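Take a look at the structure set out below.
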Amino acid sequence: MGFSRLHHLRFLKREPMLTGILRVAQLPPQCTFWRFLASLHLGVARQLLQVQWRMRERVWAAANVQLDEVTVDTDTTVHTLFGKQMGGRKGYNPKNKGKKSYQPILSFIAETREYAAGSLRTGDRPSGQEIAAHLESVAKGLPAGVKRVYARADSGFYCWQAVEAYEKLNWRFILVARKTARLVAQLQTTKWKRSPQTDADEQCEFLYQPEGWGKACRFLALRYEKLPAETKDPEQPEQYQLFDTPEYTYRVFVTDMDGPLDVLVWFYNQRAGDRKPQL
């Protein structure tokens, strides 16, 4: 139904079609749903996810959805906590720096806007093992007719374990790179050229093997010149896709896809869109 909170069900409290199917006069109050969910153990959550997978296959079949290629978008979001809540940690939280948070991982099928898989986590950055387990869960939930998957993810997935997991699943991927001293040094020594097909001033690409990675991968980079008087507003939240040096702002991706740089950047910019580059 697209609701993000249980209390939004109040809008359907007396919806004729829904109450008619359930054969009730009205839906129960929010607290009833909360008590029901609180009574379930973690094993039931996995069972419900499996039910969702089977329902997706049936809905696709009934609606004649015949997708043999899909795009999976994954985000590591930040949910700020107030008060003392179990599992809260101080971590990456650009809008509320220093506050504890949860960092759930969520994946969606871009073409249909369907939830694929997710997990509620502590505020720490997800480990490589957690990322690999999440991707395996997403793969299990895809309908059998899906033969090829393209994956897009933010910098929370920038690690060798994520790349290994994508390769194991035979998914094509493009990820946002995270700022490191070695990567900045590589960017400063790389040959750049003008970038008329993107919003950046210049672009480049290169093979680069980050520390701890098993092999070199293809990196794509855009850079934006800073104006002489340009300064960073201390109140402005950090943008997870960008990182700064004194002269430039950079946007960097790592990918295993073929194709021109501008096409792949465009593809990433369609997060939750419904088109893919022709590879």
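Laboratory data are not the source of any read-out in this text; all were calculated from the coordinates shown. Note that the coordinates shown come from a computational prediction; the quantities given were computed from them, not determined experimentally. In this analysis, Cβ positions are derived from the backbone assuming ideal geometry, glycine residues included, and neighbour counts consider all displayed protein chains.
Determine the alpha carbon to alpha carbon distance for each of Lys168/Lys215; Lys191/Lys215; Lys147/Lys179; Lys97/Lys140 and list only those over 24 Å.
Numbers: Lys168/Lys215 15 Å; Lys191/Lys215 22 Å; Lys147/Lys179 34 Å; Lys97/Lys140 36 Å.
Among Lys168/Lys215; Lys191/Lys215; Lys147/Lys179; Lys97/Lys140, the Cα-Cα distance tops 24 Å for Lys147/Lys179; Lys97/Lys140.
Quick one: if the Förster radius is 45 Å, what FRET efficiency do Leu120 and Gln209 give, using the C-beta to C-beta distance and rounding to 0.05?
On the way: r = 34 Å, r/R0 = 0.75.
FRET efficiency, Leu120 to Gln209: 0.85.
I want the local charge near Trp160. Using Cβ-Cβ distances under 11 Å, sum +1 for each Lys or Arg and -1 for each Asp or Glu among the other residues.
Numbers: positive: Lys215; negative: Glu164, Glu167, Glu211.
Taking every other residue near Trp160 into account, the sum is -2.
Mind giving me the FRET efficiency for Cys31 and Met55? R0 is 35 Å, r the Cβ-Cβ distance, nearest 0.05 is fine. Intermediate values should be presented prior to the final figure.
Numbers: r = 27 Å, r/R0 = 0.76.
Taking R0 as 35 Å, the efficiency between Cys31 and Met55 is 0.85.
If you rank Leu264, Leu49 by fewest surrounding Cβ atoms within 10 Å, what's the result? Before the final figure, lay out each step's value.
Numbers: Leu264 20, Leu49 16.
The fewest-first ordering by Cβ neighbours comes to Leu49, Leu264.
Please rank Val252, Val263, fewest neighbouring Cβ atoms within 10 Å first, as an exposure proxy.
Details: Val252 25, Val263 15.
Ascending number of Cβ neighbours within 10 Å: Val263, Val252.
Among 11-18, 39-46, how do they line up from the highest to the lowest mean number of other beta-carbon atoms within 10 Å?
On the way: 11-18: 11.9, 39-46: 9.4.
Highest to lowest by the protection proxy: 11-18, 39-46.
Order these by the 10 Å Cβ neighbour count, fewest first: Leu48, Leu135, Leu9.
Numbers: Leu48 11, Leu135 28, Leu9 17.
Fewest-to-most ranking of Leu48, Leu135, Leu9: Leu48, Leu9, Leu135.
From the backbone phi of the stretch 28-43, what are the Karplus-calculated ³J(HN,Hα) couplings (6.51 cos²θ - 1.76 cosθ + 1.60, θ = phi - 60°) in whole Hz, Gly and Pro given as x?
Karplus-based 3J(HN,Hα) across the stretch 28-43 equals x, x, 4, 4, 5, 5, 4, 4, 5, 5, 5, 7, 8, 8, 4, x Hz.
Go ahead and run the numbers for FRET between Gln129 and Ala63, Cβ-Cβ distance against an R0 of 41 Å, rounding to 0.05.
Details: r = 36 Å, r/R0 = 0.88.
Efficiency, rounded to the nearest 0.05: 0.70.
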